[in-house]
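Report on one structure; see the data block that follows.
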Amino acid sequence: MRAQILSVVGATLASALAFSSPTAALTPGNEAPQASSTSPGVQTPAKAATSTAATSLDGILTTATYTYRIGSSCKGYEDEIRDGAAYWTGMFDESTDSSATPVNCRTDIFVCGQTKRANGCNEGKGQRITLSTKTFDFALLAAHEFGHNMYKHSDHDCRSWDSDAAVMAPIDKECSN
């Protein structure tokens with residue numbers, strides 16, 4: 001796996017970037033990638049090029065690129081996994097390298113860490129990602145789990161493509177307007 005490169009900016013800049021709440025936008029400049037629709041009712045992330053810089057909830061500016069490899073258990077879901085990784089534009093590269101984060105799929109709800117019923121799991125901030133096909137938006141679940149390399153859950157009520165914080169919502173249910 002490529003070495004993570006972390007840049008810590010001076011205390012003044014770090015405190016200026018700190019967020020008061022996890023519902024704040026998670027990317028620098030409050031700019032979240034916009035969703036685009038490829039088929040009726042299905043939202044997938046736009047693939048616009050942006051910087052690899054991300055600001056964590058504690059306000060530390062980080063620059064990192066992560067690699068992942070899609071396991072054979074995800075046959076038929078590869079494009080949705082790539083769409084989920086692409087949400088974090090420039091942060092994730094698909095690889096065949098054995099040291100890249102393995103991404104595997106399951107057809108059930110499973111135990112992840114201390115969570116008794118999970119439809120996705122990112123163990124060790126990118127050591128292994130597991131995704132359940134029993135979810136309302138598989139690409140969004142993938143984006144959420146890839147996002148755990150950098151962020152914790154936000155306090156949004158439901159997961160959506162509306163913002164980085166919405167992607168990081170702990171609840172996997174369709175948002176109602």
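The values are calculated or read from the model by the stated rules, or taken from the named source; none is laboratory data. The model shown is predicted, which means the values in this text are computed figures rather than measured ones. For neighbour counting, all protein chains shown are included, and Cβ atoms are generated from backbone atoms with ideal geometry for every residue, glycine included. Side chains are part of the model used for accessible areas, which takes the heavy atoms of the whole protein and leaves out ligands, DNA and RNA. Shrake-Rupley method; radii C 1.70, N 1.55, O 1.52, S 1.80 Å.
Against the criterion of solvent-accessible heavy-atom surface with a 1.4 angstrom probe, 97, 164, 172 sort, most first, into 97, 172, 164. Pairs of Cα atoms in the stretch 105-177 fall into 10 Å distance bins, from 0 up to the last occupied one, in shares of 22, 58, 20, 1 percent. For residue 75, the lysines whose Cα falls under 22 Å of its own Cα, not counting residues fewer than eight places away in the same chain, are 134. Note on residue 115: accessible area is roughly 70 Å² with a 1.4 Å probe, heavy atoms of protein only. Each Lys or Arg adds one and each Asp or Glu subtracts one; over the other residues with Cβ under 15 Å from the Cβ of residue 156, this totals -4. Report the FRET efficiency, 1/(1 + (r/R0)^6), for residue 96 and residue 155, where r is their Cβ-Cβ distance and R0 is 45 Å, rounded to 0.05. Computed FRET efficiency for residue 96 and residue 155 comes out at 0.75.
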